[in-house]
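Student: Below you will find the structure I want to go over with you.
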Amino acid sequence: MSFGESVEKAFTTMTSTRKIGDLQRDIQEPRPNDPLTTDHGVKVSDTDNWLRITNGSHNGPSLLEDQIGREKIHRFDHERIPERVVHARGAGAHGYFKVFDDRASKYTFAPVLTDSSRTTPVFTRFSTVQGSRGSADTVRDVRGFATKFYTEEGNWDIVGNDIPVFFIQDAIKFPDFVHAVKPEPHNEVPQGQTAHNNFWDFVGLQPESAHMVMWAMSDRGVPRSFRMMQGFGVNTFTLLNASGERHFVKFHFIPELGVHSLVWDEALKIGGQDPDFHRKDLNEAIENGAYPKWKFAIQTISQSKEHAFDFDILDATKIWPQELVPLEEIGELVLNRVVDEFFPETEQVAFCTSHVVPGIGFSDDPLLQGRNFSYFDTQVSRLGINWEELPINRPVCPVLSHNRDGKSRHRIVKSDVNYWPNRKNEGRPVPPEEGGYVEYAQRLDGIKKRARGEKFQEHFNQPQLFYNSLAAYEKVHLVNAICFELSHCEDPVVYKSYIDILNNIDFDLAKAVAIKVNGEVPTKPGRPNHGKKSKGLSQLDFLPKEPTIVSRRIAILITDGFNAVEMQAVRAALTSAKAVCYVIGPRRNFIRPMSGQDFGRGVFADHHFEGQRSTLFDAIYIPSGEEHAKTLAKSGRVVHWVREAFGHLKPIAAVGEGVDFLRNVVRLPGVDLFVPSHNHDSDEVVTSYGVITTGKYSISSAVTDALQIA
Ligand code: HDD
């Protein structure tokens, strides 16, 4: 670790202590031999046998009087709470948020966004939307990206997604949408999938969802990692500055590692091979010190420009194209601590879009308005009315309100008044100049009716913009994804009608899908394609500045007789570049090196070939060694490993006899070393300078350095 890194690590550990310190009050760390007690604190002598009548050889009835047995069963019976009605499956971590300077003070007086001397503790929870708590991580779905900022002025929650738009414009449609996307009512099928009649039926009849459907069917729907996703607040919020001026704002998180996805075949397989892939990935990275990091950016529009665009800036099915409203990076979010216990932290954390702090406010975005009601309401049914007192949810600043009682109240307020006004001036309302929250005084003029604004009626310009902006291979993935999903819809009404929506986006797209899924192939475009593109929609626009292998998982395939000297050098180089290496061998035990190499009992393999799959790794390295290479070639499992990784365009490095093995397996003559570059534009395998470029990122420098060492 460099000096700078160790300072940063010490600093981040130190600075996230305000909330972590607060949580310590409730953390229990049992030590060996600590006694077992009942929940009322009495030491327990036997927790294995229910109190019963016995004559030594036969058991008689168990006794109801056994308080210890009863307590154990009572507690067990009530372990489950209702899972979240959406976003039930998730993983969370602690961290911190910092702004670079006070540049956002022209928009807001909120210290969390303007005071660079502050480090605000955060808790972030990532999630999938459709599946239940036990569903798989890598399903095609939108990912939730919700962050609680424990600010000095109270908790501020950004409850966002990895996609910048939403399926519907008005909150009143949310129950319809969720019913349609969730498992169908008659058979509770499918789990963790949008590939079914009801979802596509709904989105086919609700064209405002077209934009979000395009994003969800793109590679964004199958992220490689939570750490490699963007985050978006999605809704339009507002910022208020010290002069009382208001701006509309969109919030963005941009991952340091770039935006990367799995390919669909990987996602499908990992769903079975390791359903916890994303939550393990998050913990693995944090525990290895590769702290996930995002730039925090805002897009702002002054109040006077609200109507200056051909879309409504309060419509959550629209982005604000960067060419019209540039992004300003103002801070960063870092996650640096895994949870100690899943349930009290990740499961009990509860977010509310309505939780904002002074200097940040709402807009009239009709989706946001409904969300502001829904979240508090759902937390009450999930966690009870006093959910904000739970350790993970309580603010780090003082809390004093006249709200009292209710189930599971924790706080004890030592006072004889619980109302305002009171003779003691306790719990007094605070004027704005002392930090009291004040709503912006907004002039309103309109007629009360059930309707949406005029610009809310246009649904296809931005899906077109998105489609046009994708790289060629991203378009191929998108077409394949829609075809996969529609192929799972049995009702022809459903899959045929969705072609009409697609034809309003792009003629070629609609034709390609129609041919594959037996839809009606259109003969002319539903509307002309405006041909425009925008930055920041293709994932290619988010490659890290320097290609990096930090936190990438690399499988080293070895069998007896491998070149351990070379392998250790390559592994050391990869590890020092902060990749995570796993040695995979024929057994989880010591593997013998080639003759003449003195390695004691050999090198220990972390896993055996049957226990892991290539899909769980980002790259493979096959060392040299004659006997080892011959044995690898005889193993069907290993051959499949390598072919599968090659098919997924993963970087594969090989040396010496490892190259011969590789050449035979993938049948590419004349290649000495496989080193990837981050060439996303092409699905082709290109050879140059004894090197194959493919894959998503580069392990070239680390491998070449290692080979020089070897
Ligand atoms: Fe929502 C959970 C994101 C629209 C109602 N939502 C939830 C979570 C995320 C989002 C990330 C999980 C939070 C966590 O980790 O605990 N939701 C969004 C985004 C939306 C959106 C980005 C569109 C901009 N949601 C939305 C609407 C409604 C809801 C329109 C209702 C009118 N959402 C809920 C909920 C949930 C929820 C029912 C379920 C569990 C929870 O709140 O805490 O209230």
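Student: Testing the spin-label approximation: label points 7 Å from Cα along Cα→Cβ at GLU454 and LEU324. State their distance in nm.
Tutor: Calculated label separation equals 1.5 nm.
Student: I've got another one for you. Could you list the trypsin sites (Lys or Arg not before Pro) in the range 215-298 that lie in coil according to DSSP, counting only those with at most 16 other Cβ atoms within 10 Å of their Cβ?
Tutor: Here no trypsin sites (Lys or Arg not before Pro) fit, given the DSSP loop and packing criteria.
Student: Within 10 Å, Cβ to Cβ, of PHE456, how many net charges do the neighbouring residues add up to if Lys/Arg are +1 and Asp/Glu are -1?
Tutor: -3
Student: Turning to a different aspect of this structure: With respect to the cross-link table entries LYS280/LYS475; LYS19/LYS293; LYS295/LYS455, which display a Cα-Cα separation exceeding 22 Å?
Tutor: Checking Cα-Cα distances, LYS280/LYS475; LYS295/LYS455 exceed 22 Å.
Student: What translational diffusion coefficient, to the nearest whole µm²/s, does the range 18-143 have by Stokes-Einstein, given a Kirkwood radius computed over alpha-carbon pairs, a temperature of 4 °C and 1.567 mPa s viscosity?
Tutor: Here the translational diffusion coefficient equals 63 µm²/s.
Student: Loop-only trypsin sites (Lys or Arg not before Pro) in the range 589-659, please: DSSP not H, G, I, E or B, and at most 13 other Cβ atoms within 10 Å.
Tutor: In loop regions of the range 589-659 (DSSP not H, G, I, E or B), the sparsely surrounded trypsin sites (Lys or Arg not before Pro) are ARG601.
Student: Using a cut-off of 12 Å between beta-carbons, work out the net charge of the residues near GLY436 (Lys and Arg +1, Asp and Glu -1, GLY436 not included).
Tutor: So the surrounding residues net to -3.
Student: How far, in nm, would the chain grow between LYS634 and ARG133 when pulled straight, counting 0.36 nm per residue and subtracting the alpha carbon separation?
Tutor: 176.3 nm
Student: So, one more: Among DSSP beta bridges whose residues both lie in the chain, state the antiparallel percentage, nearest 5.
Tutor: So the antiparallel bridges amount to about 80 percent of the total.
Student: Let me ask something additional. Can you list the trypsin sites (Lys or Arg not before Pro) in the range 444-480 that are in a DSSP coil and have 11 or fewer other beta carbons within 10 angstrom?
Tutor: LYS448, LYS449, ARG450
Student: When only C-alpha pairs under 8 Å and at least 6 residues apart count, what is the relative contact order of the range 146-240, in percent?
Tutor: Relative contact order for the range 146-240 comes out at 37 percent.
Student: Starting from the residue with the highest accessible area, list GLU323, GLU184 in decreasing order, probe 1.4 Å.
Tutor: Reading off the accessible areas and sorting them downward yields GLU323, GLU184.
Student: With an 8 Å Cα cut-off and a minimum separation of 6 or more residues, compute the relative contact order for the chain in percent.
Tutor: Relative contact order of the chain: 11 percent.
Student: Find the centroid of the Cα atoms in the range 280-329 and in the range 471-517, then give the distance between the two in whole Å.
Tutor: Computed from Cα coordinates, the inter-centre distance equals 28 Å.
Student: May I ask for the net charge around PRO292, where only other residues with Cβ less than 9 Å from the Cβ of PRO292 are counted and Lys, Arg are +1 while Asp, Glu are -1?
Tutor: Residues near PRO292 contribute +1 overall.
Student: Follow-up. Please provide three numbers in whole Å: the alpha-carbon extents of the chain along the principal axes, with the largest listed first.
Tutor: 89, 86, 58
Student: Expressed as a whole percentage, what fraction of the accessible surface of the chain belongs to carbon and sulfur atoms when a 1.4 Å probe is rolled over the protein heavy atoms?
Tutor: So the carbon and sulfur contribution to the accessible surface is 52 percent.
Student: Straight-line reach from LYS545: which aspartates and glutamates have a Cα under 12 Å away, not including same-chain ones fewer than 8 places off?
Tutor: In chain and number order, the partners are GLU256.
Student: Hey, another quick one. In Å², and per residue, what accessible area does the chain have when probed at 1.4 Å with the other protein chains present?
Tutor: 46
Student: Oh, and also: Identify all aspartates and glutamates with a Cα-Cα distance to LYS43 below 19 Å; exclude those on the same chain that are fewer than 8 residues away in sequence.
Tutor: Once the sequence-local aspartates and glutamates are set aside, what remains near LYS43 is GLU29, ASP34, GLU65, ASP66, GLU71.
Student: Quickly estimate the mean residue ellipticity at 222 nm for the chain, helices only: each DSSP H run with n ≥ 4 gives -39500 (n - 2.57), and the total goes over all residues, rounded to 500.
Tutor: Computed mean residue ellipticity for the chain: -8500 deg cm²/dmol.
Student: Also, quick follow-up: If each of CYS397 and THR575 carries a label point 7 Å out from its Cα toward its Cβ, how far apart are those two points in nm?
Tutor: The two pseudo-label positions are separated by 4.6 nm.
Student: Would you work out the relative contact order for the range 346-457, in percent, from Cα pairs under 8 angstrom that are 6 or more residues apart?
Tutor: 23
Student: Right, another one. Rounded to the nearest 0.05, what FRET efficiency do ASN664 and ARG103 give with R0 = 60 Å and r taken as the Cβ-Cβ distance? Could you check?
Tutor: Efficiency computed from Cβ-Cβ geometry: 0.55.
Student: At a probe size of 1.4 Å, how large is the accessible area of LEU383, to the nearest 10 Å²?
Tutor: About 40 Å², ignoring ligands and nucleic acids.
The values are calculated or read from the model by the stated rules, or taken from the named source; none is laboratory data. Quantities reported herein were computed from a predicted structural model and do not represent experimental measurements. We place every Cβ from the backbone using ideal geometry, glycine too, and count neighbours over all the protein chains shown. All accessible areas refer to the heavy atoms of the entire protein, side chains included, with ligands and DNA or RNA removed. Shrake-Rupley method; radii C 1.70, N 1.55, O 1.52, S 1.80 Å.
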